[in-house]
1. Does B:Leu147 meet the test of being at pLDDT 90 or above and buried (at least 24 other Cβ atoms within 10 Å of the Cβ)?
2. Can you pull out every residue in the stretch B:154-173 that is under 20 Å from A:Ser48 (Cβ atoms) and either of a type in the set (Ser, Thr, Tyr) or within 23 Å of the chain's Cα centre (by Cα) (or both)?
3. Name the single residue, out of those in the stretch A:291-307 being facing chain B (nearest Cβ under 9 Å) and part of a helix (DSSP H, G or I), that is surrounded by the fewest Cβ atoms within 10 Å (Cβ to Cβ).
4. Evaluate the following for A:Val288: is it surrounded by fewer than 16 Cβ atoms within 10 Å (Cβ to Cβ) and within 9 Å of another protein chain (Cβ to nearest Cβ)?
5. For residues that are polar (S, T, N, Q) and either more than 10 Å from chain B (Cβ to nearest Cβ) or within 25 Å of B:Ser276 (Cα to Cα) (or both), scanning just the stretch A:146-204, find the one that is farthest from the chain's Cα centre (by Cα).
6. Working carefully through the options B:Val283, B:Val263, find the one that is among the hydrophobic types (A, V, I, L, M, F, W, C), under 29 Å from A:Pro300 (Cα atoms) and modelled with pLDDT of 65 or more.
7. Anything in the stretch B:258-287 that is over 19 Å from B:Ala231 (Cβ atoms), within 9 Å of another protein chain (Cβ to nearest Cβ) and touching a residue at least 12 places away in the same chain (Cβ under 8 Å)? List them, or say none.
8. Is it the case that the stretch A:231-241 has a residue that's of a type in the set (S, T, N, Q) and not in a helix (DSSP H, G or I)?
Amino acid sequence: MPQLKRVQDTLYERLSNRSLMIVLTVVPVLLLLTFVLILPIIWAVRASLFEISLFQQDWTWVGVQNYAQTLTDSAFQASLWRSMIFAVGSVAIQLVVGTGIALVIAREFPFNKGVRAVALLPYLIPTALLGYVGVWMFNTNWGIINSILIQLGIIEYGLEWFGNPDTAMLLLMITTAWKYAIFVTILVLARLQSIPDGYYDAARIAGASKWERFRDITLPNLKGVIFIVVLLRGVWMFNTYDIISVMTNGGPGSATTTAAIYAYEVAFENYQLGRSAAVSVVLFVILVVAALIYFRVLEPQSEVRTE
Amino acid sequence: MSNRETDLKPLSDDFKSDTPIWKRLSYAQQRKLKTGGLYGLIGLIVVTILFPLYWMFTTSLRPRNEVLTRTPTLIPTELTLANYERLLFFSNFPQYLENTLIVMIGVVVITTTLATLGGYGLTRFDIPFQDTFAKGILFGYMFPAILLAIPMYILWSQLGIINSYLGLMLAETALALPFSLWVMWKFFQTVPPSLEESAQVAGASRFRTMVDVALPIAKPGIVSVAIYSFAVSWNEYTLPKILMPQSFVITTGIQAFTEQNTVMWNQIMGATFLASLPAFLFVYAFQKYLLSGFDPGDIG
């Protein structure tokens, strides 16, 4: 055993060289990130300049034709618009509900811990599976929502929630907000707790009303966090594929065909891989714009010491 | 018409005054209303969150005639475990579960290992271009799955790792790694280098200080990163759907239950419940770690 220890010591000694340790610690993660994040984007740019058959035997050079086709396709423009509507609607609900829950939970009341634990539950259900729960609850014939509405006398027959373009879109927003509102809550709660009590005390002494205290202390302090939420959640909702694929798959008609669903259809229903790569590149450009705004406004990179 | 006003009883002083209704209540009444309102709000939140979960769970315990009915009862009149029996013994669910587990373990191991080492290296060695790395990592965190899925489909096909565990593991690592690396980078900055320095003075080699001093202290961070990457992999639908179209994980496999003649909603809800359970258990079991090592308020 002492011999093994000596071998380990020598090995550790050898590995202690500074450049070797950099190679062991930083290089693997950077290589992998390059392989899984940068290379696919380069590949998308490359593939977008070719026409690629389904089985990818031959790539035919077509130049910017895929981009020309995509950008002039009215279905693509409409899908971008729907992504926007879905993102704005869903994020707005998440923001209002999430902040509301945070303001309630921040107060003291019995079972506060229990309520916090319950509030976390929706975030833990896999998104696609949540989609099935939504489809089931809003089922036209057997869904509990229709049954409750009929019993309350609000409607006479079960509504076809997913057959109507407006309710289908609305349900997607509500279901996603049901899951992601807690994301907002967690961020807002952390920010709320970092506001010194002294601010409120000072305002109270100065005679500020409850509403004034909220408007002049709470809201300004939440500005940053609200910006993060709108930007990050906005980007993710804009590109949502999973739950839309499960709940409506773009329907009825193309009422909920967002850009992500459109990209999938181009690739795997029309088998135009080159063109779907062009769609991905366009989405990537939109993401870059969002990221530039993020870095410019919040400078999140300054949170690590990077001299 | 004109004498209508005189027909009315004279208004009491209370109602004539401009004081809003709220101010007219006594302090005790105000307080009662406030607490009542707060509890009402809390109740509404809790019910809105719990009802869909309750409905999912009870649907999975109902026999078929209680599911395919236009007048479902809120409380099931007949409970059965038949749906779970079907799922576990007479369907492909165990196969989906196995695939999900294999991919998840791969993602957790790769992500946790590389994020921990990388976070350590980025903090302790004076590496150039740190600002660029930081921006790059945060940018990577923003990547949505669909944006990576299609380019990966093309690239993975050429590399021959489409429809493989390895391909899917690597793909999901792309989603989990940036934020994990960010968390570990920030975490190691809170570990004072003086501990390692004094170990070095005592004769320990540089590598040993990392293994025996820094990594044990980083345990809370490592655990939270492991849970985060577990959750990312467990939740993922887009990447497995596109990169593993011929065999399924749970999220993509449930589609098969909807393609039968009658959709077996009780089985689908059972599968949903089983798939959500590990996430519930994990997160609550490790909440202590999550709170100490991982402050979600740090995002961004």
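The values are calculated or read from the model by the stated rules, or taken from the named source; none is laboratory data. This one's a predicted model, so the numbers in the text were calculated from it and none came from an experiment. Cβ sites come from the backbone with ideal geometry, for glycine too, and all protein chains shown count toward neighbours.
1. Details: at pLDDT 90 or above: yes; buried (at least 24 other Cβ atoms within 10 Å of the Cβ): yes.
Considered against the rule, which asks whether it is at pLDDT 90 or above and buried (at least 24 other Cβ atoms within 10 Å of the Cβ), B:Leu147 comes out as yes.
2. Residues of the stretch B:154-173 under 20 Å from A:Ser48 (Cβ atoms): B:154-159, B:162, B:171.
Listed by number, the residues that qualify are B:Ser157, B:Ala171.
3. The first filter runs over the stretch A:291-307 and keeps only residues facing chain B (nearest Cβ under 9 Å), leaving A:291, A:294-295, A:298, A:300-307.
Going one step further and asking which of them are part of a helix (DSSP H, G or I), we end up with A:291, A:294-295, A:298, A:300-303.
Values: A:Ala291: 19, A:Tyr294: 22, A:Phe295: 16, A:Leu298: 16, A:Pro300: 19, A:Gln301: 20, A:Ser302: 11, A:Glu303: 16.
Selected residue: A:Ser302.
4. Taking the combined requirement at face value, the residue satisfies it.
5. Keep residues of the stretch A:146-204 that are polar (S, T, N, Q), which gives A:146-147, A:151, A:164, A:167, A:175-176, A:185, A:193-194.
With the extra rule that they be either more than 10 Å from chain B (Cβ to nearest Cβ) or within 25 Å of B:Ser276 (Cα to Cα) (or both), the set shrinks to A:164, A:167, A:175-176, A:185.
Values: A:Asn164: 25, A:Thr167: 22, A:Thr175: 13, A:Thr176: 10, A:Thr185: 15 Å.
The residue in question is A:Asn164.
6. Working: B:Val263 fails: under 29 Å from A:Pro300 (Cα atoms).
Step by step, each of B:Val283, B:Val263 is checked, and only B:Val283 is among the hydrophobic types (A, V, I, L, M, F, W, C), under 29 Å from A:Pro300 (Cα atoms) and modelled with pLDDT of 65 or more.
7. Filtering the stretch B:258-287 down to residues over 19 Å from B:Ala231 (Cβ atoms) leaves B:258-270.
Of the ones still in play, those that are also within 9 Å of another protein chain (Cβ to nearest Cβ) are B:258, B:263, B:265, B:268-269.
If the condition is that a residue be over 19 Å from B:Ala231 (Cβ atoms), within 9 Å of another protein chain (Cβ to nearest Cβ) and touching a residue at least 12 places away in the same chain (Cβ under 8 Å), then B:Trp265, B:Ile268, B:Met269 are the ones that fit.
8. So the first thing to find is which residues in the stretch A:231-241 are of a type in the set (S, T, N, Q), and the list is A:239-240.
Filter once more, keeping what is not in a helix (DSSP H, G or I): A:239-240.
Yes: one or more hits.
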